[in-house]
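Below is one structure, written out as structure tokens, with a few remarks after it.
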Amino acid sequence: MSKCSYTLPIGPVHPALKEPTMFKFVMDGEIVKEVDVQPGVNHRGIEFIGMRRNPLQVLHLAERICGICSIVHQYAFTMASEKAAGINDIPERAQYIRTIMAELERIHSHVLWAGVAAHELGFDTLLHWTWKLREDVQDVLEYISGNRVNYAMYYQGGVRRDISPEKIPRIKEMISAYRREFQKLADAFLEDPLFKHRTVNVGVLTKKDALETSAVGPTTRGSGVPKDVRVDQPYGGYADLDLKPCLPEQMGYPNTGDTYAKTVVRILEVGQSLDIIEFCLDNMPPGPIRWEMNVNKVLMHMKKAGGEAIGMTEAPRGEMIHYVRLDPGDENVSAWKVRASTYNNIIAWQKMLVGAQIADVAIVAASIDPCIGCMDRVTVVDGETGKEGVMTKEDFYRLSVRKTRRLRRMKGKPSGGGW
Amino acid sequence: MASPMWFEIFRQLFDRPFTNPFPVKYAPKNMHAVAKAIEEGKVRINPPVPVPDNFRGKIEYDREACIGCRMCIKVCPANAIEFVPPPDGGPKGGKVKFYMSRCTFCELCTEICPKHCIRMSTEFLMADTNKYSDNLVITDSGRFAEQPPPQAPPKPASPPDAGQQPASGE
């Protein structure tokens, strides 16, 4: 009998996937031989909605790109629009509060991920226990901002709510509670024989592959690439801190890039975030929390200003970029582009999933902490036939030639919006 | 296999449940019957967890104080606010209407309102089968008992520099 392979589709909607995306596996028995990822089924056109709103409105839209890492989207958009509008003197206290919020969210995201990873392995007791741990940080986020999710804290030129001195003891209490539970959390995952069996040498991303696919965040740090926006290009309060990227070797585990190594990185980062929050609380300078108290004046300043800028943050999942362009006289955001961390990391899926068993697909896919809602920014649809498709290199070449010709015809005329 | 979780799992058996059952202690078979019984005073409500300080709940609107400047409409990210033109068609005296089913609870309208006639209450029970029910469309919440004191805005860190050249990216 001749050897044959078969194709196994998973998705776009599947119980193993938390969000819609499409996998096609070419299988040889139990082993994955080839992977094709076809995203694009969760496209909501958020950037287009944002381009019909003013920067203050987009703040709250950006927050809703993702349900888990909502604040980093807002952070990146705030930084980009501040740079574009030339708002440079953001009070230091506001910078520290921004840092505290971003780190609280990192704890919540990593603990949530740990629970999801346990769930993907069928260890639901651990899932419920980690999510119980997560409640504490959620309560603190609610205590500071008023909401458990979608905190509405950031603002061009500062933050909207202060962390007053009487709130600090409650946050410190949370930090010490997590420090008490930290070893238990680490043991429950890293010392568990079942967890080890399912994750060690599963979904390996070698250092070479991590660099080639330009993976970001814990995915790349698990492979030993010391890449972290907070260290490489510090923003907010991170510039005052002496940070080092968390690598698995700090816990005495080799930088193998398997799922276990990524878990080690995330658990180390929970500890790192606790240290950052404590530092920021202790060293928070007094002063105003906003560059301009009058919301209307901020709106007018953004309307008059023009420019383009990039805002970068280190989301729990890795580097995140927002590009914003403001045109003078135009109240709305002229252009807005979001590049979320999962966009880089799903390319690493192709390397990680090859050679894995079909039963490991769920945990390997989950190991990059995929967020399809963040990532799906574009769907290519043919306007005439209504068919969805994929843009190839030839298509881009054709479009580029067409644009050159169009510009040549328009020579002498103002180029308009650039579309 | 010996999991480090075993001790934790057994400890959980003796812990008090963390969840606060609301509105009654046990999951009722018929929610409508329970709601009716609560109205009649036969069943006592188990109080909800108190809301935090900065909680942003249902909007309250002082229609009389509103001057119809439309600033809130301008900043609302969800377009949840509708302008109601004055009955006589004149240039002044317009009011607004809030659709809570679209509200994202960001508090921007409250912040930008020059007359402080919008505020966010602590009410959170807003589930409804009709998006446009009277409970969810706010036209007037009556006069606010005490006007919030006009906040003296703290001095900005430095005044906005109008002539400043905007930065052009990284």
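The values are calculated or read from the model by the stated rules, or taken from the named source; none is laboratory data. Being a predicted model, the structure only gives us computed values, none of them experimental. Backbone-built Cβ (ideal geometry, glycine too); neighbour counts: all protein chains shown.
Brief remarks follow.
- Condition broken by A:Asp136, with the remaining ones in (1) outside any helix (DSSP H, G or I); (2) more than 10 Å from chain B (Cβ to nearest Cβ); (3) more than 23 Å from A:Pro248 (Cα to Cα) satisfied: (1)
- The stretch A:40-67, subset surrounded by fewer than 20 Cβ atoms within 10 Å (Cβ to Cβ) and of a type in the set (Gly, Ala, Ser), residue modelled with the highest pLDDT: A:Gly45
- Answer residue from the stretch A:278-297, given it is over 20 Å from A:Met79 (Cβ atoms) and aliphatic (A, V, I, L, M) and is nearest to the chain's Cα centre (by Cα) among those: A:Leu281
- Some residue of the stretch A:76-97 being among the β-branched types (Val, Ile, Thr), buried (at least 16 other Cβ atoms within 10 Å of the Cβ) and closer than 30 Å to A:Gln350 by Cβ: no
- Residues being more than 16 Å from B:Arg63 (Cβ to Cβ), buried (at least 16 other Cβ atoms within 10 Å of the Cβ) and among the aromatic types (Phe, Trp, Tyr) - total across the stretch B:88-130: 1
- Unique match (being without any contact (Cβ under 8 Å) to a residue 60 or more places away in the chain, assigned by TED's automatic domain parsing to the domain that holds B:Leu125 and not polar (S, T, N, Q)) among B:Val24, B:Val43, B:Val96, B:Val34: B:Val96
- Residues (surrounded by fewer than 10 Cβ atoms within 10 Å (Cβ to Cβ) and within 14 Å of A:His128 (Cβ to Cβ)) located in the stretch B:1-20: B:Arg11, B:Leu13, B:Asp15, B:Pro17, B:Phe18, B:Thr19
- Taking residues in the stretch A:281-301 that are closer than 23 Å to A:Thr99 by Cβ and facing another protein chain (nearest Cβ under 7 Å), and partners anywhere that are charged (D, E, K, R) and surrounded by fewer than 16 Cβ atoms within 10 Å (Cβ to Cβ), the pairs with Cβ atoms closer than 8 Å and at least 6 places apart or on different chains are A:Pro288/B:Lys155; A:Trp291/A:Asp89.
- Checked against (1) within 30 Å of A:Ile346 (Cβ to Cβ); (2) within 14 Å of chain B (Cβ to nearest Cβ), A:Glu191 passes all but condition (1).
- Applying the criterion of at least 2 residues that are surrounded by fewer than 23 Cβ atoms within 10 Å (Cβ to Cβ) and at pLDDT 90 or above to the helices (runs of 4 or more DSSP H) found wholly in the stretch A:206-298 leaves A:207-212, A:229-232, A:259-282.
- Within the stretch B:48-72, considering residues that are over 19 Å from B:Phe144 (Cβ atoms) and in contact (Cβ under 8 Å) with a residue 24 or more places away in the chain, the one surrounded by the most Cβ atoms within 10 Å (Cβ to Cβ): B:Val51
- Annotation note: of A:Ile175, A:Ile163, A:Ile168, the sole residue that is within 14 Å of A:Ile100 (Cβ to Cβ), part of a loop (DSSP other than H, G, I, E, B) and more than 10 Å from chain B (Cβ to nearest Cβ) is A:Ile163.
- Taking the criterion of being of a type in the set (S, T, N, Q) and closer than 30 Å to A:Ser334 by Cα, the residues of the stretch A:1-49 that qualify are A:Thr21, A:Gln38, A:Asn42.
- Just one of (1) among the aliphatic types (A, V, I, L, M); (2) out of contact with any helix residue (DSSP H, G or I) (no Cβ under 6 Å at 6 or more places or on another chain); (3) under 28 Å from A:Ile90 (Cβ atoms) fails for A:Leu141. It is (2).
- Scanning the stretch B:44-79 for residues being under 23 Å from A:Gly146 (Cα atoms) and small (Gly, Ala, Ser) gives a total of 2.
- None of B:Ala37, B:Ala80, B:Ala65 is within 12 Å of another protein chain (Cβ to nearest Cβ) and farther than 22 Å from A:Glu135 by Cβ except B:Ala80.
- Of all residues making up the stretch A:346-386, the number that are under 30 Å from A:Gly67 (Cα atoms), among the charged types (D, E, K, R) and not in a helix (DSSP H, G or I): 3
- Restricting attention to the stretch A:74-126, the residues that are within 11 Å of chain B (Cβ to nearest Cβ) and under 19 Å from A:Val265 (Cα atoms) total 2.
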